[in-house]
Amino acid sequence: MNTFLRRAALALPLIAMALPAFAEDPAPKIDSGDTAWMLTSTALVLLMTIPGLALFYAGMVRKKNILATMMQSFAITALVTVIWMVAGYSLAFTNGNAYVGDLSRFFLNGFGANWDKPFILGAGLKDLEVVQTVPESVFMMFQMTFAIITPALIAGAFADRMKFSALLIFVTLWSLLVYAPVAHWVWAPSGWLAAGVFGLPGAADFAGGTVVHINAGIAGLVCALVLGKRVGYGHDNMAPFNVSLAVIGASLLWVGWFGFNAGSAVAANGRAGMAMTVTQIATAGAALAWTFAEWAAKGKPSVLGTISGAVAGLVAITPASGFVLPGPGLIIGIVAGVVCFWSATSLKHMLDYDDSLDAFGVHGVGGIIGALLTGIFAFGPFTATKDAPLGVNIGGLAQFEAQVIAVVATLLWSGILTFIILKIVDAIVGLRVSEEEEREGLDVVLHGERIG
């Protein structure tokens, strides 16, 4: 007995030293694995715009507009980088209020103070803080690539006809007045859609169904309607000049999208792995669904149709990628492939609008499909917490209703503000090149260059 007591006494200091580790969570630290994955993801998402989207869009226009189309993606990349650094990031991800952030990160103010510390999204908001395992510079850069590709997607709707000066002013205003607030609503802890309204759970948008695709898609539709149809639309030959460029671009988009979706876990973990898995499955399902739908409707499956189907699948799985299992992922892809084929062909002709490269037909419609089906298929354990062991976002009526609110809010805000911004730009510099310039081609008219 005495021996036991002596051993217990010797063990007490060791037990006391171990207790704090169980009594409270250790201080957060930067995780090198998570940071490495996020640096890689950031590069992959940037690859989606340049050269991915640049090649994809350039391959679908006529020869006289290839350089101008590629220039749009490249110029937007440079422009939005500066906009995001100056004010966009601050408006999107600082606490602010329920609708927009503040300017505490204006010109990335304060980055020097905690450059080597883990980033806390929503720091200072009781019970809403999200502790990351990467530095804020990495989080900011990752989100910058999302802010870059979103307006670049819109450019597909007004291809062949917008002035370059008008594009620059439009993208500047749109990024600050449309993109940043919607990103705040959905992804900032203080955002009203993130918090949920009417007693509903917060909107589930893992990687940008509302923030990126619905936002860009409806803006593209408004641009197409305000600018009007291309000269010769409906009777001139507007076939793509080089579909091989579009195939290369779509392939880069597919690969880069793993950074887009799996990177949105902001960690190298199981949720990132599942997001990557369902992204691949949904994309394959959508590519096949579009292919067979076109084959049945038109007698031949086109190369352009198959790559468009793949992009539709990538779009639709984006909001769902960190919320659903592989089976629902395949369903989302198949539905997106068929419906986006219909919207990019039949719906566009029924409503008689000229969405040049189907920004609305693929991104708008695909984003809506993905956002709504996320509400049905969300797998609770992915969002389980101590307080909600079954999950915060669980597929069912309540989550579906939350998704509907997010979709409608994004459509209204982006649609109305895009219209207002276009009218402002038109009053300042005019939106569209002249008919003679459009016939000549934007490569020569706007940039003084042409493909030989």
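The values are calculated or read from the model by the stated rules, or taken from the named source; none is laboratory data. Here the structure is a predicted model, which means the values were calculated and not measured. Backbone-built Cβ (ideal geometry, glycine too); neighbour counts: all protein chains shown.
Test of understanding: among Thr418, Thr410, which residue is in contact with a Ser or Thr (Cβ under 7 Å, 6 or more places away or on another chain), farther than 21 Å from Pro328 by Cβ and modelled with pLDDT of 95 or more? First the steps, then the outcome.
On the way: Thr418 fails: in contact with a Ser or Thr (Cβ under 7 Å, 6 or more places away or on another chain).
Unique residue meeting the criteria: Thr410.
Please go through the stretch 126-137 and pick out each residue that is touching a residue at least 60 places away in the same chain (Cβ under 8 Å), part of a strand (DSSP E or B) and surrounded by fewer than 19 Cβ atoms within 10 Å (Cβ to Cβ). Even if it seems obvious, please write down each step before you answer.
So the first thing to find is which residues in the stretch 126-137 are touching a residue at least 60 places away in the same chain (Cβ under 8 Å), and the list is 128-129, 131-135.
If we keep only those that are part of a strand (DSSP E or B) too, we end up with 131-135.
Scanning the stretch 126-137 gives a single hit, Val131.
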task: Working carefully through the options Ala267, Ala262, Ala275, find the one that is closer than 24 Å to Trp187 by Cα, in a loop (DSSP other than H, G, I, E, B), modelled with pLDDT of 95 or more and of a type outside the set (S, T, N, Q).
output: Ala267
statement: Filtering the stretch 106-120 down to residues that are in contact (Cβ under 8 Å) with a residue 12 or more places away in the chain and either small (Gly, Ala, Ser) or within 17 Å of Thr145 (Cβ to Cβ) (or both) yields Leu108, Phe119
query: Which of the residues belonging to the stretch 90-122 are touching a strand residue (DSSP E or B) at 6+ places or on another chain (Cβ under 9 Å) and within 15 Å of Gly191 (Cβ to Cβ)?
result: Phe93, Leu121, Gly122
- prompt: Does Ala68 fit the bill of being surrounded by 23 or more Cβ atoms within 10 Å (Cβ to Cβ), touching a residue at least 24 places away in the same chain (Cβ under 8 Å), within 23 Å of Asp355 (Cβ to Cβ) and within 19 Å of the chain's Cα centre (by Cα)?
  reply: no
statement: Here the residues within the stretch 342-352 that are over 22 Å from Ala58 (Cβ atoms) and of a type outside the set (S, T, N, Q) are Trp342, Leu347, His349, Met350, Leu351, Asp352
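Residues Ala183, Ala159: which one is under 27 Å from Arg62 (Cα atoms) and in contact with a helix residue (DSSP H, G or I) (Cβ under 9 Å, 6 or more places away or on another chain)? Show your work before the answer.
Numbers: Ala183 fails: under 27 Å from Arg62 (Cα atoms).
Matching residue, one of Ala183, Ala159: Ala159.
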field: the stretch 361-376 residues that are closer than 16 Å to Cys223 by Cα, paired with ones that are among the basic types (Lys, Arg) and part of a helix (DSSP H, G or I) (beta carbon under 7 Å, 6 or more apart)
entry: Gly361/Lys348
- prompt: How many residues, within the stretch 224-250, are closer than 29 Å to Ile424 by Cα and part of a helix (DSSP H, G or I)?
  reply: 4
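Rundown of residues vs (1) at pLDDT below 95; (2) of a type outside the set (Phe, Trp, Tyr); (3) surrounded by fewer than 23 Cβ atoms within 10 Å (Cβ to Cβ), yes/no style:
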{"residue": "Gly124", "(1), (2), (3)": "yes, yes, yes"}
{"residue": "Thr145", "(1), (2), (3)": "no, yes, no"}
{"residue": "Ile149", "(1), (2), (3)": "no, yes, no"}
{"residue": "Gly156", "(1), (2), (3)": "no, yes, no"}
{"residue": "Arg161", "(1), (2), (3)": "no, yes, no"}
{"residue": "Phe164", "(1), (2), (3)": "no, no, yes"}
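Here is a yes/no grid of residues against (1) farther than 20 Å from Ser175 by Cβ; (2) surrounded by 22 or more Cβ atoms within 10 Å (Cβ to Cβ); (3) modelled with pLDDT of 95 or more; (4) not acidic (Asp, Glu):
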position	(1), (2), (3), (4)
Leu55	yes, yes, yes, yes
Ile76	no, yes, yes, yes
Ile83	no, yes, yes, yes
Phe93	no, yes, yes, yes
Ala98	yes, no, yes, yes
query: Of the residues in the stretch 46-82, how many are basic (Lys, Arg) and in a helix (DSSP H, G or I)?
result: 2
- request: With respect to Leu5, determine if the residue is of a type outside the set (Ser, Thr, Tyr), surrounded by 10 or more Cβ atoms within 10 Å (Cβ to Cβ) and either at pLDDT below 95 or closer than 30 Å to Trp254 by Cβ (or both).
  value: no
query: Among the residues of the stretch 416-445, which ones are crowded, with 20+ Cβ neighbours inside 10 Å and under 29 Å from the mean Cα position of the chain (by Cα)?
result: Thr418, Ile421, Leu422, Val425, Leu431, Leu442, Asp443
message: Testing Lys348 on (1) at pLDDT 95 or above; (2) surrounded by fewer than 24 Cβ atoms within 10 Å (Cβ to Cβ); (3) assigned to a helix (DSSP H, G or I); (4) not β-branched (Val, Ile, Thr), one condition comes back false. Which one is that?
response: (1)
statement: With the first residue restricted to the stretch 292-309 and required to be outside any helix (DSSP H, G or I), and the second required to be modelled with pLDDT of 95 or more and β-branched (Val, Ile, Thr), Cβ contacts under 6 Å at 6 or more apart or on different chains are Pro301/Thr291
message: Given the condition surrounded by 24 or more Cβ atoms within 10 Å (Cβ to Cβ) and either in contact with a strand residue (DSSP E or B) (Cβ under 6 Å, 6 or more places away or on another chain) or under 18 Å from Met274 (Cβ atoms) (or both), answer yes or no: does some residue in the stretch 355-373 qualify?
response: yes
